Amino acid sequence: MLNPFDIVIFGGGGDLALRKLLPAMYRAYQEGNLPEGSRVLPTVRAEEQKEQYLATAEQALQSHLSEGEFNAKDWQAFAQFLVPVVVNVTEADDNWDALKDILDADGEEKSRVFYLSLPPAVYGTCCELLSQKGLITDNSRVVVEKPIGYCGKSAEEINGKIAQFFDENQIFRIDHYLGKETVQNLMALRFANALFENLWDAKSIDNIQISISETVGLESRAGFYDKAGALRDMVQNHLLQLLCLVAMESPSKLNANSIRAEKLKVLEALRPLVGEDVDDNVVRGQYVPGDLNGKLVPGYLEELGEGSSTTETFVAIRAHIDNWRWAGVPFYLRTGKRMKKRCAEIVVEYKPVSHNVYGPSVGPIQPNRLEIRLQPEESIQLTLMSKRLDNLEMQLEPVTLNIELSQQYSKGFHSDAYKRLMLDAAANNPALFIHRDEVREAWQWIDPIIARWQEKGTPSLYRAGSWGPEAADELLEENNHAWFNVG
Ligand code: BG6
């Protein structure tokens, strides 16, 4: 069991804190993973907000927890852990001293986590004030949200600024996809089973698709999203991290240094996409009004309330990893908003059998396929060819081995990426957080794509409720491949 810790959530009244971080801590409490003596300290900007915080938090939990998770008894017990504080993160006033007194009251040995649920532009100032006001102890860590920066240069500036006040081993850069239970299961699947790892290379695998489709649109984040777009918001971090876990070599141990070193090698081996490569291998899209599961939803520009914007809400990329293991295997990455279904999935398509001993009469022999679904439900499916057992003829058809992980393990445990990562930060376990070098390398691959888009072209349009622009299908057709779209 974890030792008691304090977690200060800067931006405690913000969307992320109310939607994800508080529910995560509440779940930790419900599951017995929030040690007695721990404190969750959300910061707000004014005394009035502080007085109302418990009511705000209760309401947030009621709206953002899943059905049946909220109950008055647990809430009352959890509320005892909540200590709202007033802090204005850009002003060096007395509130910082008050926060220091609260933290110091429990001594310097206790684990302190400073979670910056703030715009990256103020990370530097906040860290500087933490340092200036003497809040950083040897047992302190800082958690920062993605995307770090807007491009490689700005990311370096932000990382450089944080590094003035915290050592690299105290900086926990979060990518909540790494906290998803199935994402870790991906490592278990690869490194705890000889079956797959021995067939995990260009000799056996034809192509790999990593796809995160969302049905939501802009939500209430127009200001952020229109400046960022899908490439910065999803590809630079979530998709590239998934790619790393799929493609990396086995780390010698499952510790942070070994895992991060292997992930970094994948990022370094990504074939750069520069200039015309971008036109040939990357599709950007933007949604127009369409029918999403029976409901007409507005297009991106309507949601944004602007006449024009070239921000992409969809990206599809054909990537290659130039190393021995993956030579010639296309990795297709795709993400988009307002798509037909919400789904995050990794699909590994194996090579066809080298010779069809059955001849053409039995029908085509489909290649084996491994599908690792991260959401909405968590499952692993393996499609194999099998003989039909209901007649004397030799007839083959694909059958699927299906492991429904969510159903198997659902009792009393809510798989929640933020919960896992916040507790990991409290326990000083950085294995599922991102190293500065990874951020740098990921931007190095992304920057030229952005540069090309600034020079040339506009997004291809797709209807809300579809699977993205036609150009994304054509990208795969060039290699005789097709996207696997769920149900
Ligand atoms: C966030 C992005 O990092 O991930 C959002 O900023 C996106 O735009 C979200 O909607 C998706 O996360 P999940 O866990 O719901 O797939």
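No value in this document is a laboratory result; all are computed from the given coordinates. All values reported here derive from a predicted model rather than from experimental measurement. When we count neighbours, we look across all protein chains shown, and the Cβ atoms used for this are built from the backbone with ideal geometry, even at glycine.
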- Query: Fewest first, what order do GLU438, GLU219 take by the number of other Cβ atoms within 10 Å?
  - Reply: GLU219, GLU438
- Gain in length, ASN480 to CYS151, computed as 0.36 nm per residue apart minus the alpha-carbon separation, to one decimal in nm? 115.1 nm
- Query: How would you rank CYS151, CYS343, CYS244, going from fewest to most other Cβ atoms within 10 Å of each one's own Cβ?
  - Reply: CYS151, CYS343, CYS244
- Task: Mind pulling the angle between the C-alpha long axis of helix 123-132 and the longest principal axis of the chain? Nearest 10 degrees, somewhere in 0 to 90.
- Result: 40
- So which aspartates and glutamates can LYS456 reach, going by Cα to Cα under 16 Å and dropping same-chain residues fewer than 8 places off? GLU276, ASP277, ASP279, ASP280, GLU312, ASP447
- Label zone at ARG325, where the point sits 7 Å out along the Cα-to-Cβ direction: the range 267-296 residues whose backbone N lies under 12 Å: 267, 269
- Out of the range 249-313, which trypsin sites (Lys or Arg not before Pro) are coil in DSSP terms and have no more than 11 other C-beta atoms within 10 Å? LYS253
- Note on the structure: Computed on Cα atoms only, the convex hull of the range 246-383 has an orientation-averaged projected area in nm² of 13.8
- Query: Among the DSSP beta bridges whose two residues both lie in the chain, what percent are antiparallel, rounded to the nearest 5?
  - Reply: 55
- Message: Give me the one-decimal nm value for the distance between modelled label points at GLN76 and LYS265, 7 Å along each residue's Cα-to-Cβ direction.
- Response: 5.6
- Query: What FRET efficiency, computed as 1/(1 + (r/R0)^6) with R0 = 22 Å and r the Cβ-Cβ distance, is obtained for ASN198 and LEU389, rounded to the nearest 0.05?
  - Reply: 0.15
- For TYR225, TYR300, what's the fewest-to-most ordering of other Cβ within 10 Å of each Cβ? TYR225, TYR300
- Using only Cα positions of the chain, each an equal point scatterer, no hydration layer, compute I(q)/I(0) via Debye at q = 0.05, 0.10 Å⁻¹ and quote the log10 values to two decimals. -0.21, -0.82
- What's log10 of I(q)/I(0) for the range 63-117 at q = 0.18, 0.29 Å⁻¹, Debye sum over Cα points only, no solvent? -0.84, -1.22
- Message: On C-alpha positions alone, give me the angle between the axis of helix 256-269 and the longest principal axis of the chain, in degrees, nearest 10.
- Response: 50
- Among the lysines, which fall within straight-line cross-link reach of LYS203, defined as a Cα-Cα distance under 24 Å, with same-chain neighbours fewer than 8 residues apart omitted? LYS263, LYS265, LYS351
- Rounded to 10°, Cα long-axis angle of helix 181-191 versus longest principal axis of the chain: 50
- Taking a 19 Å limit on the Cα-Cα distance, which of the listed pairs LYS295/LYS341; LYS227/LYS337; LYS73/LYS180; LYS100/LYS133; LYS20/LYS419; LYS50/LYS100 fall beyond it? LYS73/LYS180
- FRET efficiency, 1/(1 + (r/R0)^6) with R0 22 Å, evaluated for ASP106 and LYS161 via beta carbons: 0.20
